[in-house]
């Protein structure tokens with residue numbers, strides 16, 4: 001666990017959520033909030049955030065959905081301690097559990113109480129940078145959070161498929177240029193795939209895709225209206241502000 005001097009406490013979602021996180025390494029950004037906004041859930045359901053870090057995405061979802069039960073799964077024990085603090089800090093600890101486990105170790109997840117076929121919703125922001133094509137951070141914690149090794153996406157999706165009930169829903173965020181990889185990894189366990197592209201500004205290619213898929217779903221893939229983060233002058237769009245500051249949900253088709 002980091003010393004207090006190495007931790008910051010930051011307001012996100014327009015101050016609706018407070019997050020303690022390391023000053024060095026991976027820091028909470030737009031991706032976590034976009035992922036939470038794209039995840040639909042209902043009160044009383046059980047959700048799991050795989051690779052949760054300090055818990056920002058899962059806690060943002062839990063704060064939006066009263067009564068949602070949430071498990072945060074993170075391999076880094078220091079980040080797990082911060083995620084536990086963050087659940088308490090935001091008054092969500094009565095319905096949020098944090099477990100220090102490897103997402104790819106299903107036996108360990110079972111031992112921690114996550115039974116196969118028991119979960120309604122899974123959300124995840126897997127490490128998606130390719131070390132062969134992009135510069136890699138020298139910071140080991142930042143590298144672990146950002147850089148995915150070959151086959152990681154398919155293995156994380158396989159874990160989600162095991163955890164989810166039939167017709168349970170997976171939501172994830174990934175690089176836009178890797179959408180084909182995502183769609184391929186979702187087969188054959190998932191269908192009814194919906195994709196929401198995220199653009200940095202009008203006319204620019206998408207930088208992220210938010211993907212929603214249903215375990216055992218049989219519908220055709222659809223593309224939802226895009227989200228543009230900034231206008232031509234670089235100012236946040238009203239749509240982006242509604243999600244990133246006001247905490248509104250993103251409309252990815254809910255079957």
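The values are calculated or read from the model by the stated rules, or taken from the named source; none is laboratory data. Because the structure is predicted, anything quoted here is derived from the model rather than measured. Cβ placement follows ideal geometry from the backbone for every residue including glycine, while neighbour counts extend to all protein chains displayed.
Tabulated data
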quantity: Among (1) on the phi > 0 side of the Ramachandran plot; (2) buried (at least 24 other Cβ atoms within 10 Å of the Cβ), the one test that residue 32 misses; calculated: (1)
quantity: Of residues in region 197-220 being assigned to a loop (DSSP other than H, G, I, E, B) and at pLDDT 95 or above, the one surrounded by the most Cβ atoms within 10 Å (Cβ to Cβ); calculated: 217
quantity: Condition check for residue 248: in a loop (DSSP other than H, G, I, E, B), out of contact with any helix residue (DSSP H, G or I) (no Cβ under 6 Å at 6 or more places or on another chain) and surrounded by fewer than 17 Cβ atoms within 10 Å (Cβ to Cβ); calculated: no
quantity: Residue that is surrounded by the fewest Cβ atoms within 10 Å (Cβ to Cβ) [pool: residues in region 95-109 that are in contact with a helix residue (DSSP H, G or I) (Cβ under 9 Å, 6 or more places away or on another chain) and more than 17 Å from residue 76 (Cα to Cα)]; calculated: 95
quantity: Neighbours by Cβ (under 7 Å, 6+ apart or cross-chain): first from region 228-243, in contact (Cβ under 8 Å) with a residue 60 or more places away in the chain; second part of a loop (DSSP other than H, G, I, E, B); calculated: 229/200; 229/237; 243/250
quantity: Number of the exception - residue 205 against (1) under 20 Å from the mean Cα position of the chain (by Cα); (2) closer than 19 Å to residue 31 by Cα; (3) touching a residue at least 12 places away in the same chain (Cβ under 8 Å); calculated: (1)
quantity: Breaking point among (1) over 15 Å from the mean Cα position of the chain (by Cα); (2) surrounded by fewer than 19 Cβ atoms within 10 Å (Cβ to Cβ); (3) under 21 Å from residue 32 (Cβ atoms); (4) at pLDDT 95 or above, for residue 194; calculated: (2)
quantity: Which listed residue, of 65, 75, is surrounded by fewer than 23 Cβ atoms within 10 Å (Cβ to Cβ) and under 22 Å from residue 174 (Cβ atoms); calculated: 75
quantity: Given (1) within 25 Å of residue 239 (Cα to Cα); (2) surrounded by fewer than 24 Cβ atoms within 10 Å (Cβ to Cβ), index of the condition residue 37 fails; calculated: (2)
